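*Asks:* Once you've had a glance at the structure underneath, I'll fire off some questions.
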Amino acid sequence: MTRKQKIREYLENCSDSTLMEIYTGYCNQTDTELTVFDNDEDFYSEIYRNREQELARAIWASGNTYNFTDNYIGITAYANFTTSNDLRFLIDIDTITDYATDNPSFIEPFNSKLK
């Protein structure tokens, strides 16, 4: 199994909290805007504080892709919401796998789990 395959397998099978940690690190290192969050009260108070109309528009525009009871929320390029209980539905594992393969130090904290 190649290193890239090991990284992908690890990302597909690690806990959601670990994947969220890796995703957040990826966003920070690549200056990519964080677009996946826990679907909780903190998300609304931090991201949409004093912007209730924008929040209402995003929920309305999301239509059937938004569910208040899902664990995770993603913001699309059009600022609409999509939610899921499966974090891997919202995070592009292939992109993170490619980045981790090209930047070995990025995944270094998790190297012991890739063997």
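*Asks:* So what's the projected area for segment 38-89, the Cα convex hull averaged over all directions, in nm²? Mind showing how you got there, number by number?
*Replies:* Working: hull surface 13.7 nm².
Taking the Cα atoms of segment 38-89, their convex hull projects to 3.4 nm² on average.
*Asks:* Right, here's the next one. Compare the Cα positions of THR76, GLN53, THR101 along the charge dipole of the chain (+1 at Cβ of Lys, Arg; -1 at Cβ of Asp, Glu; about the Cα centre) and return the one farthest towards the positive end.
*Replies:* THR101
*Asks:* Do the sum for the chain: with -39,500 (n - 2.57) for every DSSP H run of n ≥ 4, divided by all residues, what is the mean residue ellipticity at 222 nm, to the nearest 500 deg cm²/dmol? Write out the running numbers ahead of the final one.
*Replies:* On the way: 7 runs with 62 residues, N = 115.
Helices in the chain give a 222 nm mean residue ellipticity of -15000 deg cm²/dmol.
*Asks:* Using only Cα atoms, what is the ratio of the radius of gyration of segment 1-62 to 2.2 N^0.38 Å? Each step should come with its number before you reach the end.
*Replies:* Numbers: Rg = 15.8 Å, N = 62, 2.2 N^0.38 = 10.6 Å.
Here the Cα radius of gyration is 1.50 times the empirical estimate.
*Asks:* Over the alpha-carbon set of the chain, divide Rg by the Kirkwood Rh and report the Rg/Rh ratio to two decimals. Numbers along the way, then the final one.
*Replies:* Details: Rg = 15.7 Å, Rh = 15.3 Å.
Reported Rg/Rh (Cα atoms, Kirkwood Rh): 1.03.
*Asks:* Okay, next question. How many angstrom lie between the C-alpha centres of segment 59-115 and segment 42-58?
*Replies:* Cα centroid of segment 59-115 versus Cα centroid of segment 42-58: 20 Å apart.
*Asks:* Over the chain, what relative contact order in percent results from Cα pairs under 8 Å that are six or more residues apart? Walk me through the numbers before you get to the answer.
*Replies:* Numbers: 104 pairs, mean separation 36.7, N = 115.
Dividing the mean separation by the residue count of the chain yields 32 percent.
*Asks:* In terms of solvent-accessible area of protein heavy atoms at a 1.4 angstrom probe, what is the ranking of SER15, SER112, highest value first?
*Replies:* SER112, SER15
*Asks:* State in Å² the accessible area per residue of the chain; use a 1.4 Å probe, count heavy atoms of protein chains only, and round to the nearest integer.
*Replies:* Values: 7280 Å² over 115 residues.
Dividing the accessible area of the chain by its residue count gives 63 Å².
*Asks:* Compute the helix-to-body angle for 93-102: its Cα long axis versus the longest principal axis of the chain, expressed 0 to 90° and rounded to tens.
*Replies:* The angle comes out at about 40 degrees.
The values are calculated or read from the model by the stated rules, or taken from the named source; none is laboratory data. Note that the structure is a prediction, hence the values are computed from the model and not measured. A quick note on method: Cβ atoms are made from the backbone with ideal geometry, for glycine too, and the neighbour counts reach across all protein chains shown. In case anyone asks, the SASA skips ligands and DNA or RNA and just uses the protein heavy atoms, side chains included. Shrake-Rupley method; radii C 1.70, N 1.55, O 1.52, S 1.80 Å.
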